[in-house]
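Okay, so here's the structure we're looking at.
The values are calculated or read from the model by the stated rules, or taken from the named source; none is laboratory data. Fair warning: this is a prediction, and the values are worked out from it, not measured in the lab. A quick note on method: Cβ atoms are made from the backbone with ideal geometry, for glycine too, and the neighbour counts reach across all protein chains shown. Accessible surface areas use protein heavy atoms only, side chains included; no ligands, DNA or RNA. Shrake-Rupley method; radii C 1.70, N 1.55, O 1.52, S 1.80 Å.
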Amino acid sequence: MKKITFRLVLLSFSALLAVTSCKKDEDPKPTQNNNNNNNNNNTGNDVTIVDPGTATGAKGSATFTYNGEKVTYISVRAKDGKIWLQQNLGARQVATSATDVESYGDLYQWGRWADGHQLRTPAPAVKASSTLSANNPSGLPAGGSKDYISGWWNGGASTDTWNAATSTSVSETNGCDPCKVLGSKWRLPTEEDWSSVLAAEGITNNATAFESNLKIPAGGWRATTSSSIASAGSSSWFWSSKASGSGRAKGVWIQSASVQKSYDDARAWGTSVRCVKD
């Protein structure tokens, strides 16, 4: 697989945050203009949500702290009727094309949160799962780990979940949902959420993914045993919140000519995360 090198953006890092949601202390800062075209603002816990209107394609915004930086992301009312972020977590902007590097965002191992392991640049160090006290979320140190874990959670069961609200409430069977940084109503998409929005938006390949209301770029993914990134610019891969057996999980793989729904693979892969609101 071809290794893709991305432009390094140097930013100052803030001190480690108290763990009140699934967030960490450093990451490139995403930027996007705020949209205040409606009055349904929800403010609390350093989060401000401006929901889109009810019309398909209507835009809103979400201002929150991601990895120690105050950011504003754009949200959208998709054709499935749900509110989705129009950006991947960690993206600096809504995609302007399917190959817009600034819109690719971070790459998460299934069940983990924004603790540094998900960064594209600088690439995280890779460590074996044997370095953890347990190869599941409960084995990560307090606040998480900046290391990318080779063979991550490879003994997990299909009943495992990824919906804990804070990194201090994880367990051996439940990881911390990185979308909770936007507030309690935001979450990782389920397998059904992805299936519904792909059908409603007519997403059948990279081109239609970008043309959709979700503006999905081809951000690629990170390998299970190294820090190399593959297929950026040609494919995208998004986790769902659904686990499967033998340390695997479900997701969506969008390619140049097709889409694989309910795609199943090892949790050690690093893939994109897109959030949806209840």
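If a residue has to be assigned to a loop (DSSP other than H, G, I, E, B) and buried (at least 17 other Cβ atoms within 10 Å of the Cβ) to count, how many in the stretch 152-164 make the cut?
Residues in the stretch 152-164 being assigned to a loop (DSSP other than H, G, I, E, B) and buried (at least 17 other Cβ atoms within 10 Å of the Cβ): 5 in total.
Among all residue pairs at least 6 apart or on different chains, which show Cβ distances below 8 Å where the first residue, located in the stretch 120-144, is on the phi < 0 side of the Ramachandran plot and at pLDDT 95 or above and the second is small (Gly, Ala, Ser) and open to solvent by 60 Å² or more (accessible area, probe 1.4 Å)?
Partner pairs satisfying both residue conditions: Asn135/Gly155; Asn136/Gly155; Gly139/Ser133.
Going residue by residue through the stretch 115-134, is there one that turns out to be under 20 Å from Gly219 (Cα atoms) and either part of a helix (DSSP H, G or I) or over 18 Å from the mean Cα position of the chain (by Cα) (or both)?
Looking through the stretch 115-134, none of the residues is under 20 Å from Gly219 (Cα atoms) and either part of a helix (DSSP H, G or I) or over 18 Å from the mean Cα position of the chain (by Cα) (or both).
I'd like to check which strands (runs of 3 or more DSSP E) are fully inside the stretch 191-278 and have at least 2 residues that are open to solvent by less than 10 Å² (accessible area, probe 1.4 Å), within 26 Å of Cys176 (Cβ to Cβ) and touching a His at 6+ places or on another chain (Cβ under 8 Å).
Strands (runs of 3 or more DSSP E) meeting the threshold: none at all.
Within the group Tyr148, Tyr73, which residue is within 15 Å of Gly270 (Cα to Cα) and of a type in the set (Ser, Thr, Tyr)?
Just a single option satisfies the conditions, and that option is Tyr148.
May I ask you to list the residues in the stretch 168-212 that are in contact with a helix residue (DSSP H, G or I) (Cβ under 8 Å, 6 or more places away or on another chain) and within 20 Å of Arg112 (Cβ to Cβ)?
Val170, Ser171, Glu172, Asn174, Gly175, Cys176, Trp186, Arg187, Leu188, Pro189
Got a number for residues in the stretch 96-118 being touching a residue at least 24 places away in the same chain (Cβ under 8 Å), open to solvent by 10 Å² or more (accessible area, probe 1.4 Å) and of a type outside the set (S, T, N, Q)?
3
If Tyr148 satisfies every condition in (1) within 26 Å of Thr63 (Cα to Cα); (2) touching a residue at least 60 places away in the same chain (Cβ under 8 Å); (3) in contact with a Pro (Cβ under 6 Å, 6 or more places away or on another chain) but one, which is the exception?
Failing condition for Tyr148: (1).
Residue check, Asp46 against (1) within 21 Å of Ser272 (Cα to Cα); (2) surrounded by fewer than 20 Cβ atoms within 10 Å (Cβ to Cβ), all met but one. Which one?
(1)
Would you confirm, using the coordinates I've provided, whether Gly183 is within 21 Å of Ala78 (Cβ to Cβ), in contact with a strand residue (DSSP E or B) (Cβ under 9 Å, 6 or more places away or on another chain) and crowded, with 23+ Cβ neighbours inside 10 Å?
No: the conditions fail for Gly183.
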